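The values are calculated or read from the model by the stated rules, or taken from the named source; none is laboratory data. Predicted model, so just to flag it, every value in this text is computed and none were measured. For neighbour counting, all protein chains shown are included, and Cβ atoms are generated from backbone atoms with ideal geometry for every residue, glycine included. The protein model used for the area step is the full one, side chains on, heavy atoms only, and it has no ligands, DNA or RNA in it. Shrake-Rupley method; radii C 1.70, N 1.55, O 1.52, S 1.80 Å.
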Amino acid sequence: MSRTDQFLGEAAKYSANNYKPLPVVLERGQGPWVWDVDGRKYLDCLSAYSAVNQGHCHPAIVKAAQEQAARLTLTSRAFHNDQMGPFLHQLCELAGFAKALPMNSGAEAVETAIKAVRKWGHKVKGIPANQAEIIVSAGNFHGRTTTIISFSTEEQYKDGFGPFTPGFKIIPFGDAGALEQAITPNTCAFLTEPLQGEAGVIVPPDGWLRKVREITRKHNVLWVDDEIQTGLGRTGRMFAWQWENARPDALIVGKAVAGGMYPVSAFLADQNVMGVFNPGDHGSTFGGNPFGAAIGRAALTVLVEEKLADRARELGDWFMGELKKMQSPSVVEIRGKGLLIGVEIRVEAGTARPFCEALAQRGILCKETHDQVVRFAPALTVSKADLEWALPKIAEVLAMSFKPAMAGVH
Ligand SMILES: *Cc1c(COP(=O)(O)O)cnc(C)c1O
């Protein structure tokens, strides 16, 4: 039995069945590369859903983690620590917001955003108690808590998990007209991703974010931008909203904030919104802990010093151009921004899963998103040579077809 099979067997026996990972067991990572327990090397083209933008085990981030681990890791927010302030200072300056509230997972930061905009709606805008409405986009992915799945349009995310949280209105993604129509006097916020990752790398029409900005401002509605996946360089700008220079009222970050080394997320806004929180209103035992904050400081520094947003833009443009040249009959569309690229597989050619399996056999790790899309999102530290190595292998796989067997059809 290979070591891989041993680990797969153990995980199958003891873990809940809530994921369907590729049968690859990883034990080491460096930059954009990872190695499995049987010594095989792969180019990681998922980067933990863009949490590892800085690359695996970046030496500067490892150093910060090691030093802080030996000094102080957790104080809770009952006391101050000497890492949280400097971290939030750096994050606020990078993102251009006055205040940040640190949490751990992305979903917690989204929950924080929901609480903030509801309270703003009730206490500042003057919406009657418990009437605040939040508008969201169809196809959204904002996390997995019971409130967040309440406004998912993905049936599986909800099936069996009700009753759901009320107060959300769903409109088509990228549709400015629908947004304006959906707004009522009780609308406190529009919460959306600027580009949908989990939905299958869905890029909205040009100019949509600018219209969102105009419409929400006109109606005194907050625009909350979930950049947990698109932020921190992934799309070729530090934040995807910068593509349209349409600054949101609040920003949610997670994933790459701490370079994939530790779960750190944050909700950012100016004082007009953040001011709704008073002592005791909200919190988290681990949020703002000095270990995560020290790692976050190093991770943000790497993003800036290594100009990873610019790299994502330059390499992403070139890489997407090369993918488009492949002219595969199995591909419907190739789309994306920066190094967040989706290759949509034609239904007649099978689902994306066997393409991902064939890529893994050739040393490229991708994960299908939904049924038909293969996502390419390597670490932003990936080199052109790394991607040049991958291109012929990707071409070989995209030329394949995994047509589903059609019973009874001859
Ligand atoms: C991953 C993700 C989340 C949820 O983050 P978790 O850390 O998994 O809770 C929320 N929004 C977007 C856009 C994401 O990609």
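When GLY321 is tested against (1) in a helix (DSSP H, G or I); (2) in contact (Cβ under 8 Å) with a residue 12 or more places away in the chain, exactly one condition is not met: (2).
Being open to solvent by 90 Å² or more (accessible area, probe 1.4 Å) and in a loop (DSSP other than H, G, I, E, B) holds for only one residue in ASN17, ASN53, and it is ASN17.
Residues are listed down the side, and each one gets a yes or a no for (1) within 16 Å of the ligand (Cβ to nearest atom); (2) small (Gly, Ala, Ser); (3) surrounded by 24 or more Cβ atoms within 10 Å (Cβ to Cβ):
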position	(1), (2), (3)
ALA113	yes, yes, yes
GLY126	no, yes, no
ALA129	no, yes, no
ALA132	no, yes, no
ALA138	yes, yes, no
HIS142	yes, no, yes
THR145	yes, no, no
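Restricting region 59-72 to residues that are touching a helix residue (DSSP H, G or I) at 6+ places or on another chain (Cβ under 6 Å) and not β-branched (Val, Ile, Thr) leaves a set whose member that is most open to solvent (accessible area, probe 1.4 Å) is LEU72.
The criterion of being within 23 Å of GLN271 (Cα to Cα) and within 16 Å of the ligand (Cβ to nearest atom) does not hold for GLU93. Tallying residues that are surrounded by fewer than 24 Cβ atoms within 10 Å (Cβ to Cβ) and more than 14 Å from the ligand (Cβ to nearest atom) within region 224-260 yields 9. Of the candidates GLU108, GLU154, the single residue that is assigned by TED's automatic domain parsing to the domain that holds PRO172, surrounded by fewer than 16 Cβ atoms within 10 Å (Cβ to Cβ) and within 18 Å of the chain's Cα centre (by Cα) is GLU154.
A count restricted to region 159-211 and to residues that are within 16 Å of the ligand (Cβ to nearest atom), at positive phi and free of Cβ contacts under 8 Å to residues at least 40 places away in the same chain stands at 1. Would you confirm whether any residue within region 207-218 is assigned by TED's automatic domain parsing to the domain that holds ALA113, open to solvent by 40 Å² or more (accessible area, probe 1.4 Å), modelled with pLDDT of 95 or more and assigned to a loop (DSSP other than H, G, I, E, B)? For region 207-218, residues assigned by TED's automatic domain parsing to the domain that holds ALA113, open to solvent by 40 Å² or more (accessible area, probe 1.4 Å), modelled with pLDDT of 95 or more and assigned to a loop (DSSP other than H, G, I, E, B): absent.
Under the condition of being in contact (Cβ under 8 Å) with a residue 60 or more places away in the chain, of a type in the set (Asp, Glu) and over 22 Å from ARG353 (Cβ atoms), the residues counted in region 11-54 number 0. For region 10-20, filtering for residues that are closer than 23 Å to ILE364 by Cα and at pLDDT 95 or above leaves 1.
Does GLY143 meet the test of being in contact with an Asp or Glu (Cβ under 7 Å, 6 or more places away or on another chain) and of a type in the set (Gly, Ala, Ser)? When the stated conditions are applied, GLY143 does not pass them.
Only one of the listed residues (LEU232, LEU268, LEU251) is among the hydrophobic types (A, V, I, L, M, F, W, C) and assigned to a loop (DSSP other than H, G, I, E, B). That residue is LEU232.
Looking across VAL397, VAL347, VAL331, one residue alone is farther than 21 Å from MET238 by Cβ and surrounded by 21 or more Cβ atoms within 10 Å (Cβ to Cβ). It is VAL397. Among the conditions (1) assigned to a loop (DSSP other than H, G, I, E, B); (2) open to solvent by 10 Å² or more (accessible area, probe 1.4 Å); (3) more than 15 Å from the ligand (Cβ to nearest atom), SER284 misses just one, which is (3).
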